[in-house]
Amino acid sequence: MEWYVVLAVIGVGIVAGFINTLAGSGSLLTLPLLMFLGLPANVANGTNRIGIVFQGLAASGSFRKQKVLDLKTTKWLIIPSIVGAIAGSIWAVNLTDEIMEYVIGALLIIMFFIVLYKPEKWLKTQSEHIHKKPTIIQIVIFFFIGLYGGFIQAGVGFFLLAGLVLGAGYDLVKANAIKVFITLVFTLFALVVFIVNDQVNYILGFILAIGSMIGAYIGAHVAVSWGPKFVRIILLVALVASALKLLGFFDLYF
């Protein structure tokens, strides 16, 4: 493997890890790169999970050290997302669905206006009225978030943030910390499915992981240091860029 390819993968991994930690959809950068390097779509999808796991470890460790990640209140949200992720990853190894990209793109546009219209929901600095145990509706929501995350990963962070902020009452910084940890846990299960089906390129995966860990570590510190207002700006920008990407806007002009 050429040295510039290694640097490119690490560089994209840094950017993706940073974006994933603060908002989501970093996989919209890493998946096209992996496919450009010659990996089939399903193998790229599986290989990308290695970077997600390691960036999750780096970001979760950083958030935990900065005392913004509370694991005690997240277990009831993790379980349905794990079940959904396993189902989604089993689906992903056998199926690709371009229509889903358009549906998710449209949903991200809607979410953009929700974040824009209700700033008080995203800018509060403390978590009030947090449900210790989720409702049935929340369990169903997090199951489907896990299902999507297991299937393709890209954009799952946005839906997790919406569920955690609007549904469970977390502030944006703490929601980011929990989002990263939940993604780490269910991605581990999804990765096993891809490994069993021989759809992982370990060399590219671990090179990607190096950059992803660096970006995630930086992102976690920025999220805590700069606060909800900055995170919300990154979230809005990432939502628009991701939606346009999924809806094929960039394909028309580039």
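Does ALA8 count as modelled with pLDDT of 90 or more, in a helix (DSSP H, G or I), more than 13 Å from the chain's Cα centre (by Cα) and within 23 Å of LYS245 (Cα to Cα)? Reasoning before the result, please.
Working: modelled with pLDDT of 90 or more: yes; in a helix (DSSP H, G or I): yes; more than 13 Å from the chain's Cα centre (by Cα): yes; within 23 Å of LYS245 (Cα to Cα): yes.
Yes: the conditions hold for ALA8.
From the list VAL43, VAL53, which one is within 26 Å of VAL165 (Cα to Cα) and in a helix (DSSP H, G or I)? First the steps, then the outcome.
Numbers: VAL43 fails: within 26 Å of VAL165 (Cα to Cα).
Answer to the check: VAL53.
With (1) more than 12 Å from the chain's Cα centre (by Cα); (2) touching a residue at least 24 places away in the same chain (Cβ under 8 Å); (3) closer than 29 Å to GLN66 by Cα as the list, and GLN199 as the residue in question, which single condition is left unmet?
Every condition holds for GLN199 apart from (3).
Identify the residue in the stretch 195-234 that is among the hydrophobic types (A, V, I, L, M, F, W, C) and out of contact with any helix residue (DSSP H, G or I) (no Cβ under 8 Å at 6 or more places or on another chain) and, among all such residues, is farthest from ALA92 (Cα to Cα). Explain how you work it out, then say what you get.
Let us first name the residues in the stretch 195-234 that are among the hydrophobic types (A, V, I, L, M, F, W, C), namely 195-196, 200, 203-204, 206-210, 213-214, 216, 218, 220, 222-224, 226, 230-231, 233-234.
Those still in the list that are out of contact with any helix residue (DSSP H, G or I) (no Cβ under 8 Å at 6 or more places or on another chain) too: 196, 203, 226, 233.
Numbers: VAL196: 13, ILE203: 21, TRP226: 37, ILE233: 32 Å.
The extreme case among them is TRP226.
Could you look through the stretch 179-200, keep only residues that are surrounded by 20 or more Cβ atoms within 10 Å (Cβ to Cβ) and assigned to a loop (DSSP other than H, G, I, E, B), and pick out the one that is modelled with the lowest pLDDT?
GLN199
Within the stretch 147-177, can you find the residues that are among the β-branched types (Val, Ile, Thr) and over 20 Å from ALA58 (Cα atoms)? Don't jump to the end; show me each part of the working.
Keep residues of the stretch 147-177 that are among the β-branched types (Val, Ile, Thr), which gives 152, 156, 165, 173.
Listed by number, the residues that qualify are ILE152, VAL165.
What pairs can you find where one residue is in the stretch 151-175 and farther than 27 Å from LEU31 by Cα and free of Cβ contacts under 8 Å to residues at least 60 places away in the same chain, the other is of a type in the set (D, E, K, R) and not in a helix (DSSP H, G or I), and their Cβ atoms are less than 6 Å apart, with a gap of 6+ or different chains?
ASP171/LYS124
For GLY205, are the conditions met, namely being closer than 23 Å to LEU39 by Cα, assigned to a helix (DSSP H, G or I), modelled with pLDDT of 85 or more and touching a Gly at 6+ places or on another chain (Cβ under 7 Å)? Before you say what the answer is, go through the steps one by one.
Details: closer than 23 Å to LEU39 by Cα: yes; assigned to a helix (DSSP H, G or I): yes; modelled with pLDDT of 85 or more: yes; touching a Gly at 6+ places or on another chain (Cβ under 7 Å): yes.
Yes; evaluated as a whole, the condition is true for this residue.
Would you be able to tell me the number of residues in the stretch 56-91 that are in a helix (DSSP H, G or I) and either touching a Pro at 6+ places or on another chain (Cβ under 9 Å) or of a type in the set (Val, Ile, Thr) (or both)?
Within the stretch 56-91, the first condition is being in a helix (DSSP H, G or I), and the residues that meet it are 56-65, 75-91.
Of the ones still in play, those that are also either touching a Pro at 6+ places or on another chain (Cβ under 9 Å) or of a type in the set (Val, Ile, Thr) (or both) are 76-80, 82-83, 86, 90.
Within the stretch 56-91, residues that are in a helix (DSSP H, G or I) and either touching a Pro at 6+ places or on another chain (Cβ under 9 Å) or of a type in the set (Val, Ile, Thr) (or both) number 9.
Out of GLY157, GLY150, GLY146, report the one residue that is crowded, with 24+ Cβ neighbours inside 10 Å, within 10 Å of the chain's Cα centre (by Cα) and in a helix (DSSP H, G or I).
Working: GLY150 fails: within 10 Å of the chain's Cα centre (by Cα); GLY146 fails: within 10 Å of the chain's Cα centre (by Cα).
Within the list GLY157, GLY150, GLY146, the selection yields GLY157.
Name the residues in the stretch 211-235 that are of a type in the set (A, V, I, L, M), crowded, with 17+ Cβ neighbours inside 10 Å and within 25 Å of ILE109 (Cβ to Cβ), would you? Give the steps one after another, and end with the answer.
Here is the first cut: in the stretch 211-235, the residues of a type in the set (A, V, I, L, M) are 213-214, 216, 218, 220, 222-224, 231, 233-235.
Narrowing further to those that are crowded, with 17+ Cβ neighbours inside 10 Å: 213-214, 216, 218, 220, 223-224, 231, 234-235.
Passing the criteria: ALA223, VAL231, ILE234, LEU235.
Of all residues in the stretch 56-92 being hydrophobic (A, V, I, L, M, F, W, C) and under 15 Å from the mean Cα position of the chain (by Cα), which is surrounded by the most Cβ atoms within 10 Å (Cβ to Cβ)?
Step one: list which residues in the stretch 56-92 are hydrophobic (A, V, I, L, M, F, W, C), which gives 57-59, 63, 68-69, 71, 76-79, 82-83, 85-87, 90-92.
Filter once more, so that each one left must be under 15 Å from the mean Cα position of the chain (by Cα): 57-59, 78, 82, 85.
Numbers: LEU57: 19, ALA58: 24, ALA59: 33, ILE78: 18, ILE82: 21, ALA85: 30.
Selected residue: ALA59.
The values are calculated or read from the model by the stated rules, or taken from the named source; none is laboratory data. Note that the structure is a prediction, hence the values are computed from the model and not measured. Cβ sites come from the backbone with ideal geometry, for glycine too, and all protein chains shown count toward neighbours.
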